[in-house]
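Engineer: This structure is in structure tokens; I'll ask about it shortly.
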Amino acid sequence: MNPKHKLIGASLAIVVILGFGTLGFKLLTEWTWFESFYFTLITITTIGYTEPADLTENGRYFGTLLIVVGVGTLGYALSVAVQSVVSLEIVSSLGKRRLMNEIQELKDHYIVCGAGRVGRRIGQEITTRGLDCVLIETKDGAEPFDSDGYRVLEGDATKEDVLKSAGIERARGIVCAVSSDPENLYITLTARDLNPDIHIVARANEESVIPRLTRAGADKVVSPVITGSRQMAQMLLKPAVADFMELASMADKLDLELDQIEVGPGSGLTGSSVGGGVIGSSHDVIVIAVQGSGGNVVFNPGSDRKLESGDILIVMGSRDELMKLRRTADPSGVP
């Protein structure tokens, strides 16, 4: 049985025996509820105070029964409780050690700071794509491997040692999604200092914080208020466009996905055109846009647009086709 369940069972057994004794003495004597509880407690713990003078004959019979049943039950329940607490400590220690060993082996993974509703949803989106993710949770007693299968590191994400424990130097990206803007700002600064090449997405609750997060090193800043209001306005004014954008983002419910794929060094796509060559002949995808190495984005690129190393393709297609294109674009096989 699970140590937690054993601990709960032992606690219930103690409560039941205390309740049984208290109710029995209350019904068989003229004592108050507290006096009945107090005598039950000193009986099953074998403290052995002097017997009350007003204890009735029926009360003595019940007290004898309570000694036989209660003392043994209390002793067993306490032993199970102690054993369960020790087991939980051992399991927690082993779980944390296993977590740290796994994190040390991770590379090009993603870190999510703040394992609330937003953070867990982000973690779900990452793991659905078969990518590694570590959630940092400040809550005391966070399980190293929770019921959803996430790797959860307990600690304050604003602290440098916690980010290092999450493998910040080897991570591909980090999301600063805690509820406090100052904390997100500090996490962004620390993450950029520890890993200059990491991709940082930060959450801003106040619009005035957005430029500060950008200056601190965030590549992208998301404001739930601004994003939510724009999306609601688009649903109101351009419902068809909103429906399309929603469908494009629902990768877990559709066979089609919207993805970005970078043309890596030595890629088979280098020198190939968007509408012909390798893409046109071997991959059933739609190229929506191309972002050049300089950062300029060309939407609906012409079929004769030549691809270069460092270009980022915004494409739509099935998961299998996107995976094929990713392998062609990046021979090293990095996701």
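Engineer: Could you tell me how many degrees, from 0 to 90 and to the nearest 10, lie between the Cα long axis of helix 57-105 and the main elongation axis, the longest principal axis, of the Cα atoms of the chain?
Structural biologist: The angle comes out at about 20 degrees.
Engineer: Sticking with this structure for a sec: Among 228-235, 168-175, how do they line up by average Cβ neighbours within 10 Å per residue, starting with the highest? Please report the intermediate quantities before stating the final value.
Structural biologist: Numbers: 228-235: 12.0, 168-175: 21.0.
Result, highest mean first: 168-175, 228-235.
Engineer: Another one. So in the chain, what percent of DSSP beta bridges are antiparallel if you round to the nearest 5? Intermediate results must be reported in sequence, preceding the final value.
Structural biologist: Details: 17 of 36 bridges.
Percent antiparallel among DSSP bridges in the chain is about 45.
Engineer: Sequence-distant or interchain residues sharing an amide H contact under 5 Å with Glu262, placed H: which?
Structural biologist: Hits under the 5 Å cutoff: Leu313.
Engineer: Sort 314-322, 12-20 for me by packing, meaning the mean count of neighbouring Cβ atoms within 10 Å per residue, highest on top. Mind dumping the intermediate values first?
Structural biologist: Numbers: 314-322: 17.3, 12-20: 14.8.
Listed from highest to lowest mean packing, they are 314-322, 12-20.
Engineer: Let me ask something else. Could you state the angle between the C-alpha long axis of helix 319-329 and the longest principal axis of the C-alpha atoms of the chain, as a value from 0 to 90 degrees rounded to the nearest 10?
Structural biologist: 60
Engineer: Something else: Before anything else, pin down the relative contact order of the chain: Cα pairs under 8 Å, at least 6 apart, normalised by residue count, whole percent.
Structural biologist: 10
Engineer: Rank these for me by crowding, Phe25, Phe37, going from fewest to most other beta carbons within 10 Å.
Structural biologist: On the way: Phe25 27, Phe37 17.
Ordered by Cβ neighbours within 10 Å, fewest first: Phe37, Phe25.
Engineer: Now for a separate question. Got a sec? Charge dipole of the chain, +1 on Cβ for Lys and Arg, -1 for Asp and Glu; which of Ala177, Val162, Gln104 is way out at the positive end?
Structural biologist: Toward the positive end, the furthest listed residue is Gln104.
Engineer: Can you give the helix-only mean residue ellipticity at 222 nm for the chain, where every DSSP H stretch with n ≥ 4 adds -39500 (n - 2.57) and the sum goes over all residues, rounded to the nearest 500 deg cm²/dmol? If you can, show how the numbers build up before the last one.
Structural biologist: On the way: 11 runs with 168 residues, N = 335.
Dividing the helical sum by the residues of the chain leaves -16500 deg cm²/dmol.
Engineer: Please determine, in degrees from 0 to 90 and to the nearest 10, the orientation of helix 239-249 with respect to the longest principal axis defined by the Cα atoms of the chain, where the helix direction is its Cα long axis.
Structural biologist: That helix lies at roughly 70 degrees to the long axis.
None of the figures in this text is laboratory data; all of them are computed from the coordinates on show. The structure displayed is predicted, hence computed values, not measured ones. Please note: Cβ atoms are built from the backbone with ideal geometry, for glycine as well, and neighbour counts cover all protein chains shown.
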